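Below: one structure, written as structure tokens.
The values are calculated or read from the model by the stated rules, or taken from the named source; none is laboratory data. These numbers come from a predicted model, not from an experiment. Virtual Cβ from ideal backbone geometry, glycine too; neighbours counted across all protein chains shown. We work out accessible area using only protein heavy atoms, side chains counted, and drop any ligands, DNA or RNA first. Shrake-Rupley method; radii C 1.70, N 1.55, O 1.52, S 1.80 Å.
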Amino acid sequence: MSEQSPRPRKPGKPYRRPQKDPVRILAFEALRAVDERDAYANLVLPPLLRKAREKGDFDARDAALATELVYGTLRRQGTYDAIIASCVDRPLREVDPPVLDVLSLGVHQLLGTRIPTHAAVSASVELARVVLGDGRAKFVNAVLRKVAQDDFDTWVERVAPPYDDDPEDNLAIVHSHPRWVVSALWDSLGGPRAGIEDLLEADNERPEVTLVARPGRSTADELLREEAALPGRWSPYAVRLSEGGEPGAVAAVKEGRAGVQDEGSQLVALALANAPLDGPDKTWLDGCAGPGGKAALLAAVAAERGATLLASEKQPHRAGLVAKALAGNPGPYQVIAADGTRPPWRPGSFDRVLMDVPCTGLGALRRRPEARWRRRPEDLDGFAPLQRGLLRTALESVRVGGVVGYATCSPHLAETRAVVDDLLKQYPHTELIDARPLLPDVPALGDGPDVQLWPHLHGTDAMYLALIRRTG
């Protein structure tokens with residue numbers, strides 16, 4: 001199948017103006033932003049939806065469909081690329097990216113939704129006519145008609161190598177993850193095939209929206225009075241919104257007394273806050289505080305205990321987000337813009353220190369599905385010195401008897417245990433604390449003393465936490 005150039009229509013043939021479909025045009029615009037500007041869908045999509053609502057083009061069902069088209073297409077991009085590649089007569093890299101985006105949207109409608117086949121093809125061809133022109137629309141039509149001949153499972157069986165021949169490549173295509181990510185996650189998770197398949201599939205599911213009630217300002221009971229609210233699973237401050245729940249409509253969220261925060265992120269902050277330490281408990285540090293979710297929860301808990309939080313963030317605009325998240329905190333706090341590897345504070349100044357370090361983000365692929373296609377194995381080498389430098393700062397910033405929490409939103413062993421093991425060798429007057437008892441009632445936490453959370457086991461992002469006490 002080849003991509004055709006636009007042709008002049010035949011003399012006398014009536015011209016039909018393409019029908020503009022606001023939902024699919026918006027989805028296409030979001031995918032183009034992700035592709036062209038390296039934008040994240042969770043940042044691009046909300047303003048597009050808001051603008052469409054303001055123009056009167058969208059209702060709630062339209063917004064839901066546009067969201068599904070964007071996220072569903074991004075999550076299954078690897079699988080859809082393999083299917084499309086088998087239906088064209090050239091390498092996929094030679095297909096123009098806008099054409100590929102229209103094709104991917106069409107394939108998702110055909111294989112990943114309940115939209116009838118005829119409607120999925122015709123709507124995609126109309127989108128192509130609007131955004132690509134008639135000639136390329138014919139190419140889209142031909143490819144999608146070929147895709148429509150089989151269902152998802154049949155296509156996957158055709159384009160994926162047998163599991164016994166190449167397990168990682170099979171899982172990569174079946175579950176739409178880069179092969180290197182499959183390998184890394186499998187190494188981190190360990191265990192049989194069923195476990196890694198459950199994890200990869202969980203990455204392809206739409207995550208729940210989880211709220212956090214900030215202590216002293218809101219309660220879980222208040223949030224549970226919302227129509228779509230369900231109790232959190234593990235955190236006493238967590239409330240989940242069922243499908244269709246809109247966090248922006250919750251009064252406590254609008255007023256800053258509550259926020260949107262994954263339950264795994266809440267658990268990491270609370271584990272540090274509740275870790276046993278020797279001596280005073282008055283000064284806390286969040287050394288990588290942006291965008292402010294953990295800092296807001298820590299500051300609220302600190303205020304209840306008469307402690308003070310210093311929230312430090314290197315990027316000034318992110319420090320502004322932290323200040324916004326902490327505004328109205330019931331106790332004293334301070335937000336500064338500072339480089340955590342060159343701190344302005346004195347060594348040994350803090351009783352508790354959290355370092356939630358920059359990382360590949362492989363633990364949050366449910367929320368940022370496009371990240372799996374952007375990251376490369378060499379990115380690990382770029383993060384490694386920074387992660388070690390920040391943990392070094394944390395260990396030097398905490399006083400003797402105090403506790404450091406090292407956290408990442410990545411389960412990759414190079415970003416978790418390898419970093420912790422290296423720094424413990426450099427700082428012999430430290431010891432790991434068993435973090436598992438500080439996550440009460442949370443199952444499947446492994447052998448410890450560190451903790452790795454998982455989407456398929458805990459319903460959270462794949463947050464990692466190591467708690468380290470300075471002993472000398």
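Here are some notes:
- Based on C-alpha pairs under 8 angstrom that are at least 6 apart in sequence, the chain has a relative contact order of 12 percent.
- MRE, 222 nm, helices only [DSSP H, n ≥ 4, -39500 (n - 2.57), over the chain, to nearest 500]: -14000 deg cm²/dmol
- For segment 317-472, fraction of C-alpha pairs farther apart than 25 Å, in %: 36 percent
- Tail fraction, Cα-Cα pairs, the chain, threshold 29 Å, whole percent: 53 percent
- When the Cα convex hull of segment 173-229 is projected onto planes of every orientation, the mean area is 6.2 nm².
- Solution diffusion estimate, µm²/s, Stokes-Einstein, segment 167-282, Kirkwood Rh from C-alpha pairs, 20 °C, viscosity 1.002 mPa s: 129 µm²/s
- Computed with a 1.4 Å probe over protein heavy atoms only, the accessible surface of segment 122-234 comes to 45 Å² per residue.
- For segment 184-300, the carbon plus sulfur part of the accessible surface works out to 50%, probe radius 1.4 Å.
- Label-point gap, in nm, between Ala39 and Ala249 - each point 7 angstrom along Cα→Cβ: 2.5 nm
- Distance from the Cα centroid of segment 95-147 to that of segment 362-391 is 33 Å (rounded to whole angstrom).
- Shape call, segment 261-382: gyration tensor on alpha carbons, a/c limit 1.5: prolate
- Between segment 13-77 and segment 174-225, the C-alpha centres lie 25 angstrom from each other.
- Furthest towards positive pole of dipole, Gly293, Ala184, Gln315, structure part the chain, Cβ charges: Gln315
- Evaluated with a Cβ-only charge set (Lys, Arg +1; Asp, Glu -1), the chain carries a dipole of roughly 1840 debye about its Cα centre, given to the nearest 20.
- Environment charge at Asn329 (Cβ cut-off 14 Å; Lys +1, Arg +1, Asp -1, Glu -1): +3
- Based on C-alpha pairs under 8 angstrom that are at least 6 apart in sequence, segment 149-233 has a relative contact order of 14 percent.
- Summing charges over all other residues whose Cβ lies under 15 Å from the Cβ of Arg61, with Lys and Arg as +1 and Asp and Glu as -1, gives -4.
- Volume per residue that the Cα convex hull of segment 58-107 spans, once the total is divided by residue count, Å³: 67 Å³
- Size of charge dipole - segment 277-377 - debye, nearest 20, with Cβ of Lys, Arg +1 and Asp, Glu -1, no other charges: 660 debye
- In nm, spacing of pseudo-spin labels at Asp169 and Arg376 (7 Å Cα→C-beta vector): 2.2 nm
- Accessible area of segment 364-421 divided out per residue, in Å², using a probe of 1.4 angstrom: 33 Å²
- Summing +1 for each Lys or Arg and -1 for each Asp or Glu among the other residues whose beta-carbon sits under 14 angstrom from that of Ala338 gives +1.
- Rounded to the nearest whole angstrom, the semi-axes of the ellipsoid equivalent to segment 66-177, taken from the Cα gyration tensor as √(5λ), stand at 24, 15, 13, largest first.
- Computed over protein heavy atoms with a 1.4 Å probe, the carbon and sulfur contribution to the accessible area of segment 98-159 reaches 47%.
- Relative contact order (%) - segment 335-416, alpha-carbon pairs under 8 angstrom, separation at least six: 49 percent
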